[in-house]
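Colleague: Take this structure first; my questions come after.
Just so it is clear, none of the values below were taken in a lab; they were calculated from the coordinates. Source: prediction; values computed, not measured. With ideal geometry, Cβ positions are generated from the backbone for all residues, glycine too; neighbour counts draw on all protein chains shown.
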Amino acid sequence: MALSLEEKKAIVTDVAGIAANAHSAVAAEYAGLSSNEMNDLRVEARKGGVYLRIVKNSLAKRAVEGTEYECMSETFVGPMLLAFSQEDPGSAARVIKAFSKEHAALVVKSLAIGGKLLAANELERLASLPTKDQAISMLMSVMQAPITKLAQTLNEVPGKLVRTVAAVRDQKEAG
């Protein structure tokens, strides 16, 4: 069933709105996946905070036009799905990577983050980016380290004094 012009415009507007606010995007070829497998992928995407959409290539090219994902439009060939990370930069890559391990029919064609097109083999690197909570945790541990070291150093001065006095006392008692 062909889409009407209004339906096509609605799809382009919807995808363009998501792309404008997304942190990163993954384009993958899904030929060979069953409808049940696609449903499983959609469920995993929703859990991971990823917007997943199958869009005709011509509509996808129009949707990403003017966004930082315009660099991906040349890779939109064949049956493609678009996954946009909405929560953190690596979420779409993590979902696609995990799903493609079990389903070889899902093949990554391109990735983009910050207006930069990445090769398909960069999926692992993008998937390993920390989540927002992990990044905050790492930042806090880095910020806490100097304070902890200072507290240990300040605590060491009286400890050393006590050990020195104890050593002098032991020496006098022995001598």
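Colleague: What is the set of long-range amide H partners of residue 90 at a cut-off below 5 Å, with H atoms built 1.01 Å from backbone N?
Modeller: Sorted by chain and number, the residues that satisfy this come to none at all.
Colleague: Roughly what angle does helix 5-21 make with the longest principal axis of the chain, taking Cα atoms, 0 to 90 degrees, to the nearest 10?
Modeller: Roughly 10 degrees between the two axes.
Colleague: Here's a follow-up. Counting GluC sites (Glu not before Pro) as exposed when in a DSSP loop with at most 16 other beta carbons within 10 Å, what is the longest stretch of the chain free of them?
Modeller: Result for the longest clean stretch: 88-175.
Colleague: Excluding residues on the same chain fewer than 8 positions from residue 132, give the aspartates and glutamates whose Cα lies under 15 Å from its Cα.
Modeller: The qualifying aspartates and glutamates are 87, 88.
Colleague: Here is a further query. If r is the Cβ-Cβ distance from residue 173 to residue 152 and R0 is 35 Å, what FRET efficiency results, to the nearest 0.05?
Modeller: Efficiency, rounded to the nearest 0.05: 0.70.
Colleague: Now, a different point. Relative contact order for the chain: what percent, with Cα pairs under 8 Å and sequence separation of 6 or more?
Modeller: About 26 percent, as a whole number.
Colleague: In whole Hz, what ³J(HN,Hα) sequence does region 142-150 give by Karplus (6.51, -1.76, 1.60; θ = phi - 60°), x for Gly and Pro?
Modeller: Per-residue couplings from phi come out as 5, 6, 7, 4, x, 5, 4, 4, 4 Hz.
Colleague: Under the Karplus relation 6.51 cos²θ - 1.76 cosθ + 1.60, θ = phi - 60°, what is the ordered set of whole-Hz ³J(HN,Hα) values for region 26-32, x standing for Gly and Pro?
Modeller: Values per residue, Gly and Pro as x: 10, 10, 9, 8, 10, 4, x Hz.
Colleague: Using the Karplus curve 6.51 cos²θ - 1.76 cosθ + 1.60 with θ = phi - 60°, work out ³J(HN,Hα) for each residue of region 63-79 in order, rounded to whole Hz, and write x for Gly and Pro.
Modeller: For region 63-79, the Karplus curve yields 5, 8, 4, x, 10, 6, 9, 4, 5, 7, 4, 5, 8, 7, 9, x, x Hz.
Colleague: Mean separation of Cα pairs under 8 Å and 6+ residues apart, divided by the residue count of region 54-152: what relative contact order is that in percent?
Modeller: 27 percent
Colleague: Here is a follow-up. Which loop-located trypsin sites (Lys or Arg not before Pro) does region 112-175 contain, where loop means any DSSP state but H, G, I, E or B and the Cβ has at most 11 other Cβ atoms within 10 Å?
Modeller: Hits after loop and neighbour filter: nothing returned.
Colleague: Of (1) 74, 46, 29; (2) 102, 33, 25; (3) 47, 38, 33, which is the value of Cα extents along the principal axes in Å derived from the coordinates here?
Modeller: (2)
Colleague: Next question, about the same structure. Rounding to the nearest 20 debye, state how big the charge dipole of region 130-175 is about its Cα centre with +1 on each Lys and Arg Cβ and -1 on each Asp and Glu Cβ.
Modeller: 80 debye
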